[in-house]
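Below is one structure, written out as structure tokens; comments come after it.
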Amino acid sequence: MAKVLVLGATGGIGGEVAAQLRDAGWNVRALRRRAGSERSEGIEWVHGDAMNRDDVMRAAQGADVIVHAVNPPGYKRWSELVLPMLDNTIAAAKAQGATIVLPGTVYNFGPDAFPLLDENSPQRPVTKKGAIRVEMEARLKRASEEGARVLIVRAGDFFGPNAANNWFSQGLVKPGQSVKKISNPSTRGIGHSWAYLPDVARTTVELLARRESLDAFARFHMAGHWDDDGTQFTAAIQRVVAKCSGQKPSIGTFPWWLITVASPFNETFREMGEMRYLWRERVQMNNARLVQTLGREPHTPLDQAIEATLIGLKCLDA
């Protein structure tokens, strides 16, 4: 039975990948900072910190795959924490001869690569976080030449029933509250890519089943859910809420002015403001390589995905 270590399994993408690998028959171990080593829900939870190399090395013993889905919460302290955590994962993967899985982002790219991004698009970011993501992938590329293997699955903005740290839950609706108003951060007429986390996890699981036939440094882009004019995604939320609750919420413009005013005093707002260029430019993902490899891209219908997300965020009753 193949064994995987998941870093960030208490988060959105890490949790989805861990659960789907478990359901696919993998032996799943997950690292968490809080004490406890009991086996729960088919996942072995072990105590440790992704910032502690000894913890990661110990947890990775015997692992065929390490999923690196851990990030500082709320965009905080990226410059201090992100690269040291990745270096620990790389060291463990090289020691085990394991494959590293990294959920990729579009932060790596600047406007010169838009509007259609494929795996070979130039990575010239315009933000600090984007520069860190580029360096992460550069280190992974070197690791793939030194005994590890790497799989990067890149998608648009995440949303899903178990994901709290994303634009859907932090910008468009308010978790735990019925949806009376939807805030749209998009610019009307500008397309935007969204990715449903269970689809991203399913894609990752299916690619891992073929990992021995992939390149040592393999990157794949997901098309996800494409909002062609920047209004279709929020319209879908409105449609789903109206169908499920009988109440049709309004759609308003996201208060970017508030982000600008509060940025000097709030690190999360500052980082959100830095990402605004992704809402002013058409950013679409080319999934041709993925389709060629898998035959298709796992894809949950949009209304179904949004309904599950709103139920998971407790914005709708199950």
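Here the chain carries DSSP beta bridges of which approximately 10% are antiparallel, counting only pairs with both residues inside.
Using the Cβ-Cβ distance between Met51 and Arg139 with R0 set to 22 Å, the FRET efficiency works out to roughly 0.85. Of the residues Val150, Ala63, Gln304, the one whose Cα sits farthest towards the positive end of the charge dipole of the chain is Gln304 (charges of +1 on Lys and Arg Cβ, -1 on Asp and Glu Cβ, taken about the Cα centre). Panel note: the C-alpha atoms of the stretch 1-146, placed on their principal axes, show extents of 48, 29, 29 Å (largest first).
As a proxy for reagent exposure, ranking Thr293, Thr105 by other Cβ atoms within 10 Å from fewest up yields Thr293, Thr105. Proximity of backbone amide H atoms, modeled 1.01 Å from N, is registered between Ala2 and Asn27 at under 5 Å, excluding neighbours fewer than 5 places apart on the same chain. Put a dot 7 Å past the Cα of Asn165, heading toward its Cβ, do the same for Ser79, and the two dots end up 1.9 nm apart. Full extension of the chain segment joining Glu146 with Asp228 gains 25.4 nm, where the gain is 0.36 nm per residue of separation less the Cα-Cα distance. The angle between the Cα long axis of helix 302-312 and the longest principal axis of the Cα atoms of the chain comes to about 80 degrees, rounded to the nearest 10. Tell me the angle of helix 232-245 to the major Cα principal axis of the chain, expressed in degrees between 0 and 90 and rounded to the nearest ten. The helix 232-245 is inclined about 80 degrees to the chain. Peptide packing: for 139-145, 242-248, the average count of neighbouring Cβ atoms within 10 Å per residue gives the ranking 139-145, 242-248, highest mean first. Per residue, the convex hull spanned by the Cα atoms of the chain amounts to 131 cubic angstrom.
Rule-based calculations on the coordinates, nothing more; no lab input. Because the structure is predicted, anything quoted here is derived from the model rather than measured. Reconstructed Cβ throughout: ideal geometry from the backbone, glycine too, with neighbour counts over all protein chains shown.
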